[in-house]
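The next block holds one structure in the form of structure tokens; read it before the comments.
The values are calculated or read from the model by the stated rules, or taken from the named source; none is laboratory data. Here the structure is a predicted model, which is why all the values come from computation and not from measurement. Every residue, glycine as well, gets a Cβ built from its backbone with ideal geometry; the counts of neighbours run over all protein chains shown.
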Amino acid sequence: MLIRATKKDSDLAVEVLTEAFENDPFLRWLFPEDPQYGTYAPLFFGQWVDVTLDAGEIWMDPDRAGVMLGQLSTTLASNEEDKARAREEFRATFRECADRVVAFVDGVAENHPNMDREHWYWTMLGVRRSHQRKGVGRAIFQELFEMKNPRYPFYCEATTSGNLALYRRLGFRRLFEFRVAPDASPLQAIWAETNAFAESRR
């Protein structure tokens, strides 16, 4: 069974995500140089973990080798004042990489579909390298589908073709591709209707 993370799991969640995304094409667009990734990625994931613990949910597998972050669409920030304050924090934190981080945050918000329908937005799924390609990510998603998908649709972005293939097997469908900047690695917007996983198993 999945474990719901709490504040005491924050550092571990950041550690798993930082390791999991080290070679991800989109994250390496955000932080292209190794020293930048080593410095800024833990801060980047730390901010997401903090926000998600406050407004959403974080789930981990029993071995704590995989972590999933998500929140209901109704909890996403829409206040322009809050967005402006966040941009200032990003510029202070990420320095030479700040423009890319701001482009990412603005880009995913601008391209987020179906905001008129309440749904779960799963922002990040990361698995330690030692546990990748062993079904950990699929198992996390499968249990969350069983818990929440009968009531809510799911939305997320895939950063690689491998991720997209996994999501399709779980019942997601690709909506469109978008880039947060002309030179950014593309993101795939994907959506699963209610009971999508159950339907995919038939």
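Residue by residue, here is whether (1) modelled with pLDDT of 95 or more; (2) buried (at least 16 other Cβ atoms within 10 Å of the Cβ); (3) assigned to a helix (DSSP H, G or I) holds:
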site	(1), (2), (3)
108	yes, yes, yes
122	yes, yes, no
133	no, no, no
138	no, yes, yes
150	no, no, no
156	yes, yes, no
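Of everything listed in (1) under 21 Å from residue 93 (Cβ atoms); (2) touching a helix residue (DSSP H, G or I) at 6+ places or on another chain (Cβ under 7 Å); (3) in contact (Cβ under 8 Å) with a residue 40 or more places away in the chain, the single unmet condition for residue 14 is (3). A single entry from 89, 81, 22 fulfils the requirement of being closer than 26 Å to residue 186 by Cα, of a type outside the set (Lys, Arg) and assigned to a helix (DSSP H, G or I): 89.
For region 161-193, which positions are assigned to a strand (DSSP E or B) and either surrounded by 17 or more Cβ atoms within 10 Å (Cβ to Cβ) or not acidic (Asp, Glu) (or both)? Break it down into steps so the answer makes sense when it comes.
We begin by selecting, within region 161-193, every residue assigned to a strand (DSSP E or B); these are 173-178, 187-192.
Correct list: 173, 174, 175, 176, 178, 187, 188, 189, 190, 191, 192.
Scanning region 25-36 for residues that are part of a helix (DSSP H, G or I) and closer than 18 Å to residue 94 by Cα gives 26, 27, 28, 29, 30, 34, 35, 36.
Take the conditions (1) loosely packed, with under 15 Cβ neighbours inside 10 Å; (2) of a type in the set (S, T, N, Q); (3) touching a residue at least 60 places away in the same chain (Cβ under 8 Å); (4) farther than 16 Å from residue 21 by Cα; residue 73 misses just one of them, which is (1).
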